[in-house]
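S.K.: Provided herewith is a single structure, encoded as structure tokens, for subsequent inquiry.
The values are calculated or read from the model by the stated rules, or taken from the named source; none is laboratory data. What you see is a predicted model; the values in this text were computed from it and never measured. As a convention, Cβ positions derive from the backbone with ideal geometry for all residues, glycine included, and neighbour counts pool all protein chains shown.
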Amino acid sequence: MIKLDRRDFIASLGGAAAVASMTHEAKADALEDALAGGMQGAKSTPMAQPTPGVPEGTFPTAQQVKAAITTRPYRRGAGVLFESKLLANIYSPPPPDTVPMLTPMPPRAGLKDFIRLRFQWSVDHCLQSAANAQRNGMDEEIQFACLIHDHPQNLMRVDHGHWGGQLYQPYVSERVHFAVKHHAALRFFPDEKVGYTYPDLYRSMFGHDYVPPAHVQAEYEMVKKHKYYSAARAVTVNDLYAFDPNKKIPADAFDHLIDKHWRDPKEGLGYDDSTAAHLWRSLSYPDTPL
Ligand SMILES: [Fe+2]
Ligand SMILES: [Fe+2]
């Protein structure tokens, strides 16, 4: 059973005084981030780490966030499978500065195999998002979109909504594809009507004066007029509150949604010559040098 260390988590946010000054929203986001990072605390999650030179309890500027790039041995957009610090959260003992050996994928692997063997880092967070959607009365497709929404971060964190859209498109409905593809961009834009406000965590991650680039703003303008806007927004809303350090959801709790809303190719993911096949192969054998 993986546990969240309360003291480590608070320390990672700058101590009790800093936590006391955070809004509920900021705490929720920080906790979500910690949980997505293997449920073990934000101290090992780069997103929640303080920007060098920025006082505790304050937000950096976008320029300070940019200046911190050369202080790290990795790029923050790298997929978790390719970056040891985040993977270390789910192994005991953790490999300190190395990546762990991966179990080979079985022949004709399907989504459940990838969740079990390649998506361990994001599985609890996604299960809790799906449970949250179920609790909030969302329909099955939304629950399913929540169940798979952040697994693409194992392949690539930067622009992970779009990577997810490409990864899943051949195997899901148009509505699920749209919801996963655009959930990430919507997190930059509040929608108070459904209870979504701009997260303080993003002020820490991107800088308090960060302005999303033009293509992300254009994406939002398109999405908010789209017939599936509410589906994409529902993922961000149920994503935001998808945390509970004391709750462990069985890995197979939502398998019935995979059976109903996902189509595995008969050749196995990676071998069906689809537009996403190479992405699944990259997840299958990420240690191949070329
Ligand atoms: Fe996401
Ligand atoms: Fe998420």
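S.K.: Sort out which residues of the stretch 192-208 are under 17 Å from N238 (Cα atoms) and hydrophobic (A, V, I, L, M, F, W, C), and write them in order of number.
M.R.: Once the filter is applied, which keeps residues that are under 17 Å from N238 (Cα atoms) and hydrophobic (A, V, I, L, M, F, W, C), the stretch 192-208 yields V194, L201.
S.K.: Could you grab the pairs with beta carbons closer than 7 Å, sequence gap of 6+ or different chains, first residue in the stretch 139-167 and more than 17 Å from R116 (Cα to Cα) and among the aromatic types (F, W, Y), second one within 12 Å of ligand 1 (Cβ to nearest atom) and part of a helix (DSSP H, G or I)?
M.R.: W163/P152
Residues are listed down the side, and each one gets a yes or a no for (1) surrounded by 19 or more Cβ atoms within 10 Å (Cβ to Cβ); (2) within 16 Å of ligand 2 (Cβ to nearest atom); (3) at pLDDT 95 or above; (4) more than 20 Å from the chain's Cα centre (by Cα):
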{"site": "V99", "(1), (2), (3), (4)": "no, no, no, no"}
{"site": "P106", "(1), (2), (3), (4)": "no, no, yes, yes"}
{"site": "L111", "(1), (2), (3), (4)": "yes, no, yes, no"}
{"site": "R116", "(1), (2), (3), (4)": "no, no, yes, no"}
{"site": "V123", "(1), (2), (3), (4)": "yes, yes, no, no"}
{"site": "Q134", "(1), (2), (3), (4)": "yes, yes, yes, no"}
{"site": "I142", "(1), (2), (3), (4)": "yes, yes, yes, no"}
{"site": "A145", "(1), (2), (3), (4)": "yes, yes, yes, no"}
{"site": "H149", "(1), (2), (3), (4)": "yes, yes, yes, no"}
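Per-residue answers, yes or no, for (1) at pLDDT below 50; (2) more than 22 Å from the chain's Cα centre (by Cα); (3) basic (K, R):
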{"position": "K27", "(1), (2), (3)": "no, no, yes"}
{"position": "A42", "(1), (2), (3)": "yes, no, no"}
{"position": "P52", "(1), (2), (3)": "no, yes, no"}
{"position": "Q64", "(1), (2), (3)": "no, yes, no"}
{"position": "T71", "(1), (2), (3)": "no, yes, no"}
{"position": "P93", "(1), (2), (3)": "no, yes, no"}
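S.K.: While we're looking at this one, here's another question. Looking at A179, is it touching a helix residue (DSSP H, G or I) at 6+ places or on another chain (Cβ under 6 Å), crowded, with 24+ Cβ neighbours inside 10 Å and at pLDDT 95 or above?
M.R.: Details: touching a helix residue (DSSP H, G or I) at 6+ places or on another chain (Cβ under 6 Å): yes; crowded, with 24+ Cβ neighbours inside 10 Å: yes; at pLDDT 95 or above: yes.
Judged against the criteria, A179 is a match.
S.K.: Could you list, in sequence order, all residues of the stretch 117-148 that are outside any helix (DSSP H, G or I), away from ligand 1 (no atom under 14 Å from the Cβ) and not aliphatic (A, V, I, L, M)?
M.R.: Across the stretch 117-148, the qualifying residues are R118, N136, G137, D139.
S.K.: Filter the stretch 149-184 for residues that are more than 10 Å from ligand 1 (Cβ to nearest atom), in a helix (DSSP H, G or I) and within 21 Å of R76 (Cα to Cα) and give the result.
M.R.: Result: N154, H162, W163, G165, Q166, L167, K181, H182.
S.K.: Residues in the stretch 135-156: is at least one in contact with a strand residue (DSSP E or B) (Cβ under 6 Å, 6 or more places away or on another chain), hydrophobic (A, V, I, L, M, F, W, C) and under 27 Å from E83 (Cβ atoms)?
M.R.: Taking every residue of the stretch 135-156 in turn, none turns out to be in contact with a strand residue (DSSP E or B) (Cβ under 6 Å, 6 or more places away or on another chain), hydrophobic (A, V, I, L, M, F, W, C) and under 27 Å from E83 (Cβ atoms).
S.K.: Determine which member of the set S204, S230 is part of a helix (DSSP H, G or I), free of Cβ contacts under 8 Å to residues at least 40 places away in the same chain and away from ligand 1 (no atom under 15 Å from the Cβ).
M.R.: Only one candidate passes the filter, namely S230.
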